[in-house]
Every structure is written in C-alpha cells, then in structure tokens.
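Colleague: Structure provided below as structure tokens; questions to follow.
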Amino acid sequence: MADQNVYPPSPDFVKRACVQGMEGYRELYQQAESQPEQFWGALAERELSWSRQWSHVFEWNPPFVRWFVDGKINVSYNCLDRHLATHRKNKVAILWEGEPGDQRMISYQELHRLVCRFANVLKNRGLKTGDRAIIYMGMVPELPVAMLACARLGITFSVVFGGFSAEALKARIQDLEAQIVITCDGAWRRGKEVRLKQTVDEAVADCPTVREIIVHKRTGGDVPMQAGRDFWWSDLEAGTSESCPAEELDSEHPLYVLYTSGTTGKPKGIVHTTGGYLLGVHMTTKWVFDLRDEDTYWCTADIGWVTGHSYIVFGPLSNGATSVMYEGAPDYPQPDRFWRIIEKYRINIFYTSPTAIRAFIRQGDQWPNRHDMSSLRVLGSVGEPINPAAWEWYYKTIGRERCPIVDTWWQTETGAIMISPLPGAVPCKPGSASLPLPGILADVVDLQGNPVGTNREGFLIVRRPWPSMFRTLWKDPKRYEEQYWQRIEGVYMTGDAARRDEDGYFWVLGRVDDVMNVSGHRLSTMELESALVRHPAVAEAAVVGKPHEITGQAVAAFVTLKAGNWDHRDLAEDLRRWVAHEIGSFAKPEQIRFTDALPKTRSGKIMRRLLREIVTSNAVAGDVTTLEDLSVVTRLSAQHDDES
C-alpha cells in the first residue's frame, strides 16, 4: 500500500464515460446513501421492464430483505423481448467461439427464438414455475439458452461447473431435489473430450427426483441413452413453437441457486431472486465496464461460477450488449489464444482473473506482443485481489497504458460487483479494489463492529441491504443468519479481511475463515478434508491454502494414515487422483505431507493457522499457548515439500 502509483482516467475517457469524474461518482454515491428507496426505485423504473409496479422498494427485517415488493417481472423478457422492438433486434447478442475454432454469432432475435423453443420443450416435459433444474454443460450457447428458458418459465435452476465430479454433482442435485438435468454429450478442453453425460449418468444413479435428462450434442461422442429418461435436445426441439410468452413472476421469485463451498463441508446453496438481482447486475455492468452500445464485451469466466451468471449472461444481455463466450482453455493450442480472440473480434472490454493474468506473465510478453489489441478500452479483474506487480503488467503489456483497470471485489453471495473503480471517475491504485459502488455501505471493523481506522486490518462488512444480495441459503435459513449476520450483529459479514487507506480505498487481504481460493474456485477445508478421509488409507487430514504465484492459492494437505505399510510417494499420487474424483481436478492438493499427528488444541480443534504458517515459511511464529503437543509442530516444521 505504500508508495503506490495512482492512475487517473484520461480526460478523453472521462468525457464519454457513463459516470464522469469523481464529482459524478460522489453525486451518485450520496444520492444512494441519503435516499436509498428513491435512488433504487428510480433506476428500477427507468432501466428495467416490469409487468406490475412494486408497492415498496424494499422491506428490511434483518437479516431478511425483500426488494420491489409485489412487483412482477421476468429476467428472460428483460434480456431478450424488450430489445426486439429496438435497433438491437439484429445486433449480435452472443458471439461464441469453440475451442476447435468453430464460431456462432447469435442475434437478439435468434436468441429469443432459441430460448422460446427450449422453454416450450421444458413445458412439454411437464415443467412449470417452481420446479427445479440442474444445468451441467460446457461453455456452449445452449447453456445461456437453457438458463434463459428456465428464467422465462420461473423454473429455479442451478448451473454446476462442468469440471465437478459425479460426487459433487450428485450432492447438488440431491440438495436442490431437481426434476431434470440439462447437459451435453461432452465438451472440448485442450483438444480432449470431457465426457459430461457419463458424469451425469454416474451422479443421477442416486438421485430419485430426476425424471429426465436432456442432452445437447456438442462433441458427437458415443454416449448411452436410457430409454424413457434421456432425450436429445435436437429431437425434442424439432417442430416446437417459437412463441412462448414470459411468465409474470414475483420480484422475489428464486431465479437460481448457486452452490459454493462453506466451512462445514456441505456446499451452500446461495439463493438469488429476480427483480433486485437483475437490477444489481444490470447497473454494475453499465457503471463498472462503462458499457457502450457499440462495445464487444468479453468476460472469460465459466458460466458455472457466479461471474458467468452475472457478467456473461444476465448483466450484459439486459443491457443489450454483445457478450463473447469461449469454450476452451486460454493456452490451447498455443498460449496466445486469448490475444487471438481479442484481435479477431476487436474486443473492447476484457474481464478476466488474476490467476489467468499470472499465467500470462509466466508465458512471456512475446505472446501478447504478436497481436493487435488496440481495440481494448477497459480491462477488468475478478476472483481475488490482484497483486500490484500483476496489475502493472496487465496495464502496460495488455492495455498499453491506455485502458483503466477495474479491479472488482464481490462474492457469490453479493450477486454483483460491490467495490470497484468506475473507469471514467475513480483513479486506480494497483492492488486496491478502490471505492464502494453507489448504494454499498462498506466498512472495515473489529469483531465488535467498531471501525478500525485508517490503514488498520479488520473485517470487511456491509451495513445496509443492496438489491442483488442473496436472500437465504437453500433450505437452511438458520445457517444464513448465523454465518453472515450474527458474527457481527446487524451487518453483513463478508468473511474477508481488509484495510482502508487515507483516501478511503479498500485493500482486500483475503479470507479470514477456512475457505481457500484456488484459481478462482472457492474450496472449503472441510470439503477437501472430508474427501481425503474417505480414502481407505487416511485416518485424519487437515488442509490449508499456501501461496501460489499462478493460482493465487494451492492446496496443501497434512495427512495421518491408518496402520499399514504405505509407500508415501505412490500414496500421494493416489490421494491426488482421489480428490480429483471426489471434487474435481482443480482441487487436487499440490503438496501432501504425511505426519503421525496434527497440531490440535486441548479441545481437539485442528490449528490450521499454524499449518498455514508452516507451508508458508516452515516455521511457526504465532501463538501456541493452546496447543496440546508442541512437538507436533516442531516435527512438521522440519519436514520439506519433497516429503510427499
């Protein structure tokens, strides 16, 4: 935070910006702070299409909130139908490139037809408002088509990232009690087929609520189809009507449930509703990316994560933008795939993760330097704090010192961006998420809820409800209250540590609980430990995150074994494969240390804080007064990485 360069927006950028200069930002922020009902109500009325006006802008009964009470709205209508009477009818809505190089340009009119047809397919299968669907697909246009078709009918959906294993998929299907799974035969990743239908078959064997599986043919691989249960998307769609009116849904109708790791080992079902969520992603897309009608916008996230929901599908399409989707890996067939796409489609706005940026840095400047990326106007970062050195590289090498960088802080739970520079208003400080967006009353406090003051570390909290916030945890309102609202009474506890500097800029320092962020994937220690302990050789396991220059954090596992003559090297590889099967390959431990005991308190709680110190520095400097056996830490500190 010391001796930081500050990068103000250029005067030319400010002139055309959606929010112009610090005066423009402060005016918006003060309106939202002093008159939140009038502020959000006016935006909802101006920016979205409602079939019935609300009676109250919001009702706040801590910790539960309702936004646009009694209002009726449909997300699919707002993303599609309302554009058809405008010049956007023939504008490209989704610009898609497959990993093998195939491409599709789908206009708003064509996307509307595709969504209506698939919504009628779902209707014909007997699905209706209030039913639930699981969507487990690769990054193909049929994924947003399925989401928008569900939203059109009021079917609450959950998109599951295509890298999750059958076990992880099964847990999500069972918790949601989904009636249908929508999937692909497979997907392409680094030139190889990822067999998605095979994973679905394995998962649904223990999911009695699933009546049918709809399969989109992407790879053409040979997949078994169970008669009466499995149906090809194309067969069901043939001859289906392209007319399907959007259902008028309550503003608080559950739009989707997105599962994210918690600290108990059981994934949490984050519930996002309709009206407030849509307003949040619509406005933040417009403000943060300074979106213009002529822009070609690319968010590189997978739609299986909240970033893809909010900033590939719902935010851009509600604004009538051209949203780019890419199916495959960023380094296939060569490390310049992203830069090729930017040059080919003249991308204007590029939104990616610090993990990807660090990988690009390691690959070398020769790859981006081969390509003309002069079309770029705004760069963005999402998923975790971006370190200043990576920020500077991104600014200079990719943006050529022309493009503001919007370093965005938000969460699955918040639904939309909360803290970020506005590119035509807020000067950037490398490594800082900068200032809260209008309507977001953020602070850094101690455990009693008192502000900690300038440049002091504390807990990042939000003091007032905002439209895109999640409403509860699926089937678990008690956990919602306890985890997010009772740790510091009456405020939303983000779970992140932060500091605030003398200019009011927020510097997010990472998680304060036992959740890791590996390549943008949130993984709980409990989920990983539970998977390891299910292995027949493992008696006990403790998992922590260790710093990693590419993925942000890597998984380090400390494992105690059951009695037996184990070959540690072979077993370490077997455990990595085991975790990949149980959770997904992205969760594989980079480091496994075998130990005869784990550091615990006298009450039996594993002291992961000490393990984090060990994997970071092979030494322990923190408090060990509650430790049951100090010699355990001494032995672990003497081990080295190669002892796995």
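Colleague: Which of the residues belonging to region 382-397 are crowded, with 22+ Cβ neighbours inside 10 Å and modelled with pLDDT of 95 or more?
Modeller: Hit for region 382-397 is 394, nothing else.
Colleague: A further question follows. Go through region 552-589 and give me each residue that's of a type in the set (A, V, I, L, M, F, W, C) and part of a helix (DSSP H, G or I). Lay out the reasoning, then the answer.
Modeller: Initially, region 552-589 is screened for residues of a type in the set (A, V, I, L, M, F, W, C), giving 554-559, 561, 563, 566, 571-572, 575, 578-580, 583, 586-587.
Of everything in region 552-589, those that are of a type in the set (A, V, I, L, M, F, W, C) and part of a helix (DSSP H, G or I) turn out to be 571, 572, 575, 578, 579, 580, 586, 587.
Colleague: Ok, one more. Kindly indicate whether residue 361 is modelled with pLDDT under 95, more than 20 Å from the chain's Cα centre (by Cα), β-branched (Val, Ile, Thr) and assigned by TED's automatic domain parsing to the domain that holds residue 296.
Modeller: Numbers: modelled with pLDDT under 95: yes; more than 20 Å from the chain's Cα centre (by Cα): yes; β-branched (Val, Ile, Thr): yes; assigned by TED's automatic domain parsing to the domain that holds residue 296: yes.
So residue 361 passes the test.
Colleague: Identify all residues within region 554-595 that are out of contact with any Ser or Thr (no Cβ under 9 Å at 6 or more places or on another chain) and polar (S, T, N, Q); write none if there are none.
Modeller: Once the filter is applied, which keeps residues that are out of contact with any Ser or Thr (no Cβ under 9 Å at 6 or more places or on another chain) and polar (S, T, N, Q), region 554-595 yields only 565.
Colleague: Do the conditions hold for residue 258, that is, is it in contact with a helix residue (DSSP H, G or I) (Cβ under 6 Å, 6 or more places away or on another chain), modelled with pLDDT of 95 or more and of a type in the set (A, V, I, L, M, F, W, C)? Outline the logic, then answer.
Modeller: Values: in contact with a helix residue (DSSP H, G or I) (Cβ under 6 Å, 6 or more places away or on another chain): yes; modelled with pLDDT of 95 or more: yes; of a type in the set (A, V, I, L, M, F, W, C): yes.
Criteria met by residue 258.
Colleague: Let me ask you something else. Suppose the filter is among the polar types (S, T, N, Q), part of a loop (DSSP other than H, G, I, E, B) and not assigned by TED's automatic domain parsing to the domain that holds residue 434; does residue 5 pass it? Step through it out loud before you land on a result.
Modeller: Values: among the polar types (S, T, N, Q): yes; part of a loop (DSSP other than H, G, I, E, B): yes; not assigned by TED's automatic domain parsing to the domain that holds residue 434: yes.
Against the criterion (among the polar types (S, T, N, Q), part of a loop (DSSP other than H, G, I, E, B) and not assigned by TED's automatic domain parsing to the domain that holds residue 434), residue 5 qualifies.
Colleague: Can you tell me which of (1) within 30 Å of residue 25 (Cβ to Cβ); (2) at pLDDT below 85 is the one residue 514 doesn't meet?
Modeller: (1)
Colleague: Kindly establish whether residue 203 is under 23 Å from residue 138 (Cβ atoms), in the same structural domain as residue 167 (by TED's automatic domain parsing) and surrounded by 16 or more Cβ atoms within 10 Å (Cβ to Cβ).
Modeller: Details: under 23 Å from residue 138 (Cβ atoms): yes; in the same structural domain as residue 167 (by TED's automatic domain parsing): yes; surrounded by 16 or more Cβ atoms within 10 Å (Cβ to Cβ): yes.
When the stated conditions are applied, residue 203 passes them.
Colleague: Pick from 409, 391: which is touching a residue at least 60 places away in the same chain (Cβ under 8 Å) and over 22 Å from residue 340 (Cβ atoms)? Before you say what the answer is, go through the steps one by one.
Modeller: Details: 391 fails: touching a residue at least 60 places away in the same chain (Cβ under 8 Å).
409 is the lone residue from the list that is touching a residue at least 60 places away in the same chain (Cβ under 8 Å) and over 22 Å from residue 340 (Cβ atoms).
Colleague: When you look at residue 93, is it touching a Leu at 6+ places or on another chain (Cβ under 6 Å) and modelled with pLDDT of 95 or more, yes or no?
Modeller: Details: touching a Leu at 6+ places or on another chain (Cβ under 6 Å): yes; modelled with pLDDT of 95 or more: yes.
So residue 93 passes the test.
Colleague: Only one residue in 34, 55, 51 is at pLDDT 95 or above and touching a Lys or Arg at 6+ places or on another chain (Cβ under 6 Å), so which one is that? If you could, list the steps in order and put the result at the bottom.
Modeller: Numbers: 34 fails: touching a Lys or Arg at 6+ places or on another chain (Cβ under 6 Å); 55 fails: touching a Lys or Arg at 6+ places or on another chain (Cβ under 6 Å).
Unique residue meeting the criteria: 51.
Colleague: Would region 351-362 turn up any residue that is closer than 22 Å to residue 93 by Cα and of a type outside the set (Val, Ile, Thr)?
Modeller: Taking region 351-362 as the starting set, the residues that turn out to be closer than 22 Å to residue 93 by Cα are 351-352.
Now restrict to residues that are of a type outside the set (Val, Ile, Thr): 351.
Yes: region 351-362 contains one or more residues that are closer than 22 Å to residue 93 by Cα and of a type outside the set (Val, Ile, Thr).
Colleague: Report yes if some residue within region 256-272 is over 16 Å from the mean Cα position of the chain (by Cα) and surrounded by 24 or more Cβ atoms within 10 Å (Cβ to Cβ); otherwise report no. Walk me through it before giving the result.
Modeller: In the first step, residues of region 256-272 are kept if they are over 16 Å from the mean Cα position of the chain (by Cα); the result is 263-266.
When the remaining residues are screened for being surrounded by 24 or more Cβ atoms within 10 Å (Cβ to Cβ), the result is none.
Looking for residues that are over 16 Å from the mean Cα position of the chain (by Cα) and surrounded by 24 or more Cβ atoms within 10 Å (Cβ to Cβ), one finds none in region 256-272, hence no.
Colleague: Which of (1) assigned to a helix (DSSP H, G or I); (2) closer than 23 Å to residue 271 by Cα is the odd one out, the single condition residue 39 does not satisfy?
Modeller: Of the numbered conditions (1) assigned to a helix (DSSP H, G or I); (2) closer than 23 Å to residue 271 by Cα, the odd one out for residue 39 is (2).
Colleague: I've got another one for you. Among the numbered criteria (1) crowded, with 19+ Cβ neighbours inside 10 Å; (2) touching an Asp or Glu at 6+ places or on another chain (Cβ under 9 Å); (3) not small (Gly, Ala, Ser), which one does residue 443 miss?
Modeller: All conditions are met except number (2).
Colleague: Follow-up question, since we're still on this one. If you go through region 48-62 one residue at a time, do you hit one that is in contact (Cβ under 8 Å) with a residue 12 or more places away in the chain, assigned to a loop (DSSP other than H, G, I, E, B), within 30 Å of residue 115 (Cα to Cα) and touching a helix residue (DSSP H, G or I) at 6+ places or on another chain (Cβ under 6 Å)?
Modeller: Here is the first cut: in region 48-62, the ones in contact (Cβ under 8 Å) with a residue 12 or more places away in the chain are 48-58, 60, 62.
Next, only the ones that are assigned to a loop (DSSP other than H, G, I, E, B) stay: 48-49, 53-55, 62.
Of the ones still in play, those that are also within 30 Å of residue 115 (Cα to Cα) are 48-49, 53-54.
The next check asks that each one be touching a helix residue (DSSP H, G or I) at 6+ places or on another chain (Cβ under 6 Å); those that pass are 48-49.
Looking for residues that are in contact (Cβ under 8 Å) with a residue 12 or more places away in the chain, assigned to a loop (DSSP other than H, G, I, E, B), within 30 Å of residue 115 (Cα to Cα) and touching a helix residue (DSSP H, G or I) at 6+ places or on another chain (Cβ under 6 Å), one finds at least one in region 48-62, hence yes.
Colleague: Condition test on residue 540, is it surrounded by fewer than 22 Cβ atoms within 10 Å (Cβ to Cβ), charged (D, E, K, R) and not in a loop (DSSP other than H, G, I, E, B)?
Modeller: On the way: surrounded by fewer than 22 Cβ atoms within 10 Å (Cβ to Cβ): yes; charged (D, E, K, R): yes; not in a loop (DSSP other than H, G, I, E, B): yes.
When the stated conditions are applied, residue 540 passes them.
Colleague: While we're here: Please give the number of the condition residue 190 fails out of (1) out of contact with any Ser or Thr (no Cβ under 6 Å at 6 or more places or on another chain); (2) buried (at least 18 other Cβ atoms within 10 Å of the Cβ).
Modeller: (2)
Colleague: Scan the strands (runs of 3 or more DSSP E) fully inside region 255-359 and keep the ones with 1 or more residues being under 25 Å from residue 153 (Cα atoms), of a type outside the set (D, E, K, R) and in contact with a strand residue (DSSP E or B) (Cβ under 7 Å, 6 or more places away or on another chain). Step through it out loud before you land on a result.
Modeller: Numbers: elements: 256-260, 268-272, 296-299, 322-326, 349-352.
Here the list reads 256-260, 268-272, 322-326.
Colleague: For region 90-99: of the residues being surrounded by 13 or more Cβ atoms within 10 Å (Cβ to Cβ) and more than 24 Å from the chain's Cα centre (by Cα), which is nearest to residue 301 (Cα to Cα)? Full working, then the answer.
Modeller: Of region 90-99, the ones surrounded by 13 or more Cβ atoms within 10 Å (Cβ to Cβ) are 91-99.
Next, only the ones that are more than 24 Å from the chain's Cα centre (by Cα) stay: 91-92.
Values: 91: 23, 92: 20 Å.
So, considering only residues that are surrounded by 13 or more Cβ atoms within 10 Å (Cβ to Cβ) and more than 24 Å from the chain's Cα centre (by Cα), the one nearest to residue 301 (Cα to Cα) is 92.
Colleague: Part of a helix (DSSP H, G or I), in contact with a Cys (Cβ under 9 Å, 6 or more places away or on another chain) and of a type outside the set (Val, Ile, Thr) - does that describe any residue in region 82-102?
Modeller: At the first step, the residues of region 82-102 found to be part of a helix (DSSP H, G or I) are 82-83, 87-90.
With the extra rule that they be in contact with a Cys (Cβ under 9 Å, 6 or more places away or on another chain), the set shrinks to none.
Taking every residue of region 82-102 in turn, none turns out to be part of a helix (DSSP H, G or I), in contact with a Cys (Cβ under 9 Å, 6 or more places away or on another chain) and of a type outside the set (Val, Ile, Thr).
Colleague: Are any residues in region 399-434 out of contact with any His (no Cβ under 8 Å at 6 or more places or on another chain) and within 18 Å of residue 492 (Cα to Cα), and if so, which ones? Step through it out loud before you land on a result.
Modeller: Start the filter on region 399-434 by keeping residues that are out of contact with any His (no Cβ under 8 Å at 6 or more places or on another chain), which leaves 399-414, 416-434.
Result: 409, 410, 411, 412, 413, 414, 416, 417, 418, 419.
Colleague: While we're looking at this one, here's another question. Being over 27 Å from the mean Cα position of the chain (by Cα), at pLDDT 95 or above and either of a type in the set (Val, Ile, Thr) or in the same structural domain as residue 235 (by TED's automatic domain parsing) (or both) is true for just one of 127, 84. Which residue is that?
Modeller: Details: 84 fails: either of a type in the set (Val, Ile, Thr) or in the same structural domain as residue 235 (by TED's automatic domain parsing) (or both).
That would be 127, the only listed residue that is over 27 Å from the mean Cα position of the chain (by Cα), at pLDDT 95 or above and either of a type in the set (Val, Ile, Thr) or in the same structural domain as residue 235 (by TED's automatic domain parsing) (or both).
Colleague: Take region 367-398 and flag every residue that is assigned to a loop (DSSP other than H, G, I, E, B) and farther than 24 Å from residue 418 by Cα.
Modeller: Taking region 367-398 and keeping what is assigned to a loop (DSSP other than H, G, I, E, B), we get 370-377, 382-387.
Result: 370, 371, 372, 373, 374, 375.
Colleague: Condition first: assigned to a helix (DSSP H, G or I) and under 27 Å from the mean Cα position of the chain (by Cα). Now tell me which residues in region 8-32 satisfy that. Quick ask: steps written out before the conclusion?
Modeller: Keep residues of region 8-32 that are assigned to a helix (DSSP H, G or I), which gives 11-16, 21-32.
Residues satisfying the conditions are 25, 28, 29, 32.
Colleague: So residue 487 passes all but one of these: (1) modelled with pLDDT of 95 or more; (2) charged (D, E, K, R); (3) surrounded by fewer than 21 Cβ atoms within 10 Å (Cβ to Cβ). Which condition number does it fail?
Modeller: (1)
Colleague: Continuing with this model, one more query. Just wondering, is there one or more residues in region 104-116 that are surrounded by fewer than 21 Cβ atoms within 10 Å (Cβ to Cβ), of a type in the set (Ser, Thr, Tyr), in a loop (DSSP other than H, G, I, E, B) and in contact with a strand residue (DSSP E or B) (Cβ under 8 Å, 6 or more places away or on another chain)?
Modeller: No, there is no match, as no residue in region 104-116 is surrounded by fewer than 21 Cβ atoms within 10 Å (Cβ to Cβ), of a type in the set (Ser, Thr, Tyr), in a loop (DSSP other than H, G, I, E, B) and in contact with a strand residue (DSSP E or B) (Cβ under 8 Å, 6 or more places away or on another chain).
The values are calculated or read from the model by the stated rules, or taken from the named source; none is laboratory data. All values reported here derive from a predicted model rather than from experimental measurement. Cβ sites come from the backbone with ideal geometry, for glycine too, and all protein chains shown count toward neighbours.
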